[in-house]
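*Asks:* I am attaching a structure below and will ask some questions about it afterwards.
The values are calculated or read from the model by the stated rules, or taken from the named source; none is laboratory data. Note that the coordinates shown come from a computational prediction; the quantities given were computed from them, not determined experimentally. In this analysis, Cβ positions are derived from the backbone assuming ideal geometry, glycine residues included, and neighbour counts consider all displayed protein chains. Calculation scope for accessible area: heavy atoms of the full protein, side chains included, ligands and nucleic acids excluded. Shrake-Rupley method; radii C 1.70, N 1.55, O 1.52, S 1.80 Å.
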Amino acid sequence: DQQVKQNSPSLSVQEGRISILNCDYTNSMFDYFLWYKKYPAEGPTFLISISSIKDKNEDGRFTVFLNKSAKHLSLHIVPSQPGDSAVYFCAAGSIIQGAQKLVFGQGTRLTINP
Amino acid sequence: NAGVTQTPKFQVLKTGQSMTLQCAQDMNHEYMSWYRQDPGMGLRLIHYSVGAGITDQGEVPNGYNVSRSTTEDFPLRLLSAAPSQTSVYFCASSSRGDNEQFFGPGTRLTVL
């Protein structure tokens with residue numbers, strides 16, 4: 001059973017417009033949520049995170065929104081740039097006996113068109 | 001800082017062979033973990049460690065062994081490789097109390 005789902009395998013956005021990536025989860029006990037960005041042949045790199053007690057976190061062009069009642073989070077990128085083209089993974093985290101355990105979604109491939 | 005390093009980058013094995021994927025970090029992180037990435041399935045946790053001498057199973061541990069004799073190193077052993085273990089393997093590390101995990105560049109493994 002997939003605890004974290006990204007239902008859009010791909011998304012295409014025009015340069016300069018807003019990109020919105022979505023993620024749904026089923027377990028209300030997650031402590032925090034993160035977004036990772038991944039280029040081909042590289043490891044994922046951390047983008048932004050949000051605690052389960054907050055509903056918004058902003059870092060430059062990136063904003064993450066958390067809707068706990070809907071068990072939904074989204075990543076907004078504005079304005080979108082060609083370098084944003086990558087696969088984006090959302091992840092949900094729990095701290096269990098001192099261990100940070102992440103559950104990842106399947107990923108969404110974002111393509112920014114010039 | 002080199003961050004998280006993984007060797008080898010690529011490996012081809014025959015069914016039944018064994019091998020060790022190496023992972024090292026130079027950030028003095030307590031927490032290290034191994035993930036595998038398969039198409040359409042995201043990253044899945046194989047094993048993790050909260051410190052030297054302490055390891056535990058993740059979501060998909062079968063067929064893999066780990067040990068953590070030092071803070072820096074966290075090798076992943078495939079005991080008898082199977083085609084189902086064809087995947088890209090990522091090692092990650094983080095500091096206690098820090099939500100962000102730092103990932104290595106990955107090892108692409110093919111089992112024939």
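*Asks:* Only four residue types carry charge here, +1 at the Cβ of Lys and Arg and -1 at the Cβ of Asp and Glu. Report the dipole size of region B:25-112 about the Cα centre in Debye, rounded to the nearest 20.
*Replies:* For region B:25-112, the charge dipole is close to 320 debye.
*Asks:* Using a probe radius of 1.4 Å on heavy atoms only, what accessible surface per residue do you get for chain B? Whole Å² is fine.
*Replies:* The answer is 45 Å² per residue.
*Asks:* With all protein chains present, calculate the accessible area of A:LYS56 using a 1.4 Å probe and round the result to the nearest 10 Å².
*Replies:* Using a 1.4 Å probe on the heavy atoms, I get roughly 100 Å².
*Asks:* In the neighborhood of A:ALA86, defined by Cβ-to-Cβ distances under 10 Å, what is the net charge if each Lys or Arg adds +1 and each Asp or Glu adds -1?
*Replies:* Summing Lys and Arg as +1 and Asp and Glu as -1 gives +1.
*Asks:* OK, next. Working from the alpha-carbon coordinates of the protein assembly as shown, get Rg over Rh, Rh being the Kirkwood radius.
*Replies:* 0.97
*Asks:* In Å and from the alpha-carbon atoms only, list the Rg and Dmax of region A:10-114.
*Replies:* My reading of the Cα-based Rg and Dmax gives 13.7, 47 Å.
*Asks:* What Kirkwood Rh does region A:50-92 have if only Cα atoms enter the pairwise 1/r average? Answer in Å.
*Replies:* One over the average 1/r among Cα pairs gives 11.4 Å for region A:50-92.
*Asks:* Please list, in order along region B:68-77, the HN-Hα scalar couplings obtained from phi with the Karplus expression 6.51 cos²θ - 1.76 cosθ + 1.60 (θ = phi - 60°), rounded to whole Hz, x for Gly and Pro.
*Replies:* 9, 8, 10, 5, 7, 10, 8, x, 10, 10
*Asks:* At 1.4 Å probe size, with no ligands or nucleic acids counted, give the accessible surface of B:GLU30 in Å², nearest ten.
*Replies:* 60 Å²
*Asks:* Then there's this: At a probe of 1.4 Å, how much accessible area disappears from chains B and A on forming the pair, both sides counted, to the nearest 100 Å²?
*Replies:* Chains B and A together bury roughly 1700 Å² of accessible area.
*Asks:* With only Lys, Arg, Asp and Glu charged, each at its Cβ (+1 for the first two, -1 for the last two), find how big the charge dipole of the protein assembly as shown is about the Cα centre; round to the nearest 20 debye.
*Replies:* In total the dipole reaches around 440 debye.
*Asks:* For the protein assembly as shown, with the dipole built from +1 on Lys and Arg beta-carbon atoms and -1 on Asp and Glu ones, taken about the Cα centre, which of B:THR7, B:GLY51, A:PHE46 lies farthest toward the positive end?
*Replies:* B:THR7
*Asks:* Can you give the mean number of other chain Cβ atoms that lie within 10 Å of the Cβ atoms in peptide A:39-46?
*Replies:* Mean number of neighbouring Cβ atoms from other chains: 6.
*Asks:* Here is a follow-up. Pairs of Cα atoms under 8 Å, at least six residues apart: use those to get the relative contact order of chain B, whole percent.
*Replies:* So the answer I get is 36 percent.
*Asks:* Another question about this same structure. Arrange the residues A:ILE77, A:ILE95 by how much accessible surface each exposes, largest first, with a 1.4 angstrom probe.
*Replies:* Final ranking, largest accessible area leading: A:ILE95, A:ILE77.
*Asks:* Using the heavy atoms of the protein chains alone and a 1.4 angstrom probe, what is the accessible area of region A:31-72 per residue in square angstrom?
*Replies:* 52 Å²
*Asks:* If DNA, RNA and ligands are ignored and the probe is 1.4 Å, what is the ranking of A:ASP55, B:ASP73 by accessible area, most exposed first?
*Replies:* A:ASP55, B:ASP73
*Asks:* Mean 1/r over all different Cα pairs, inverted: what Kirkwood radius does region B:14-100 give, in Å?
*Replies:* Its Kirkwood hydrodynamic radius stands at 13.3 Å.
*Asks:* Shifting gears a bit: Do you know the relative contact order of chain A, to the nearest whole percent, from alpha carbon pairs under 8 angstrom that are 6+ apart?
*Replies:* 37 percent
*Asks:* A:ASP55: net charge of surrounding residues, Cβ under 14 Å, Lys/Arg +1, Asp/Glu -1, itself excluded?
*Replies:* Neighbourhood net charge equals +3.
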